[in-house]
1. Restrict the check to segment 74-88 and report whether at least one residue is under 25 Å from residue 134 (Cα atoms), assigned to a helix (DSSP H, G or I) and either modelled with pLDDT under 95 or touching a strand residue (DSSP E or B) at 6+ places or on another chain (Cβ under 7 Å) (or both).
2. Please verify whether segment 4-26 includes one or more residues that are crowded, with 17+ Cβ neighbours inside 10 Å, out of contact with any helix residue (DSSP H, G or I) (no Cβ under 8 Å at 6 or more places or on another chain) and in a loop (DSSP other than H, G, I, E, B).
3. Please determine whether any residue of segment 66-87 is touching a residue at least 60 places away in the same chain (Cβ under 8 Å) and farther than 19 Å from residue 112 by Cα.
4. I'd like to know if segment 38-53 contains one or more residues that are surrounded by 14 or more Cβ atoms within 10 Å (Cβ to Cβ), out of contact with any helix residue (DSSP H, G or I) (no Cβ under 7 Å at 6 or more places or on another chain) and outside any loop (DSSP other than H, G, I, E, B).
5. With the condition kept exactly as written, say whether any residue in segment 95-108 is under 22 Å from residue 123 (Cα atoms), out of contact with any strand residue (DSSP E or B) (no Cβ under 8 Å at 6 or more places or on another chain) and not in a helix (DSSP H, G or I).
6. Being part of a loop (DSSP other than H, G, I, E, B), within 13 Å of the chain's Cα centre (by Cα) and exposed (fewer than 14 other Cβ atoms within 10 Å of the Cβ) is the filter here, so list the residues in segment 109-135 that pass it.
7. Hey, could you check segment 68-101 for residues that are within 20 Å of residue 21 (Cα to Cα) and more than 15 Å from the chain's Cα centre (by Cα) and say which is surrounded by the fewest Cβ atoms within 10 Å (Cβ to Cβ)?
């Protein structure tokens, strides 16, 4: 996916999110977008099976930052906090196209963002960072 610039060694974090702000003024990530479709009963049986299977795989494959620090995604403490994948997350990124296909089938926009500095880091592990975006 080209997350590290081989010439400079610069790290490019990536995030998949809606291009539109939600009710709270934030950009919902790819997993939140899929889970919203599921809550609204819009997924086909096959799509729901994909979502459940892959969400379970992700839950087992990496840490949800809010299980380490329940305040990570608190809107008062860390407004707009969002998780970004590190280049070391290639195995996690490999499953994202299936989510994007489902979103596209439902006309839900989701874009790929790349950044060397997406915000103030409030959590970090081997595959991700969670940041509060710069104002």
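1. Within segment 74-88, the first condition is being under 25 Å from residue 134 (Cα atoms), and the residues that meet it are 74-88.
Keeping just the survivors that are assigned to a helix (DSSP H, G or I) gives 87-88.
Remaining after also requiring either modelled with pLDDT under 95 or touching a strand residue (DSSP E or B) at 6+ places or on another chain (Cβ under 7 Å) (or both): 87-88.
Checked against the condition, which is being under 25 Å from residue 134 (Cα atoms), assigned to a helix (DSSP H, G or I) and either modelled with pLDDT under 95 or touching a strand residue (DSSP E or B) at 6+ places or on another chain (Cβ under 7 Å) (or both), segment 74-88 yields at least one hit.
2. yes
3. Filtering segment 66-87 for residues touching a residue at least 60 places away in the same chain (Cβ under 8 Å) gives 82-87.
Still in the running and farther than 19 Å from residue 112 by Cα: none.
For segment 66-87, residues touching a residue at least 60 places away in the same chain (Cβ under 8 Å) and farther than 19 Å from residue 112 by Cα: absent.
4. Start the filter on segment 38-53 by keeping residues that are surrounded by 14 or more Cβ atoms within 10 Å (Cβ to Cβ), which leaves 38, 42-43, 47-48, 50-51.
Then drop every residue that is not out of contact with any helix residue (DSSP H, G or I) (no Cβ under 7 Å at 6 or more places or on another chain), which leaves 42.
Applying the additional criterion that residues be outside any loop (DSSP other than H, G, I, E, B) yields none.
There is no residue in segment 38-53 that is surrounded by 14 or more Cβ atoms within 10 Å (Cβ to Cβ), out of contact with any helix residue (DSSP H, G or I) (no Cβ under 7 Å at 6 or more places or on another chain) and outside any loop (DSSP other than H, G, I, E, B).
5. There is no residue in segment 95-108 that is under 22 Å from residue 123 (Cα atoms), out of contact with any strand residue (DSSP E or B) (no Cβ under 8 Å at 6 or more places or on another chain) and not in a helix (DSSP H, G or I).
6. Result: no residue meets the conditions.
7. The initial filter retains those residues of segment 68-101 that are within 20 Å of residue 21 (Cα to Cα), namely 72-84, 99-100.
Next, from what is left, pick out any that are more than 15 Å from the chain's Cα centre (by Cα): 74-79.
Working: 74: 12, 75: 11, 76: 6, 77: 13, 78: 20, 79: 13.
By that ranking, first place goes to 76.
The values are calculated or read from the model by the stated rules, or taken from the named source; none is laboratory data. Bear in mind the structure is a predicted one, so any value in this text is a computation, not a measurement. A quick note on method: Cβ atoms are made from the backbone with ideal geometry, for glycine too, and the neighbour counts reach across all protein chains shown.
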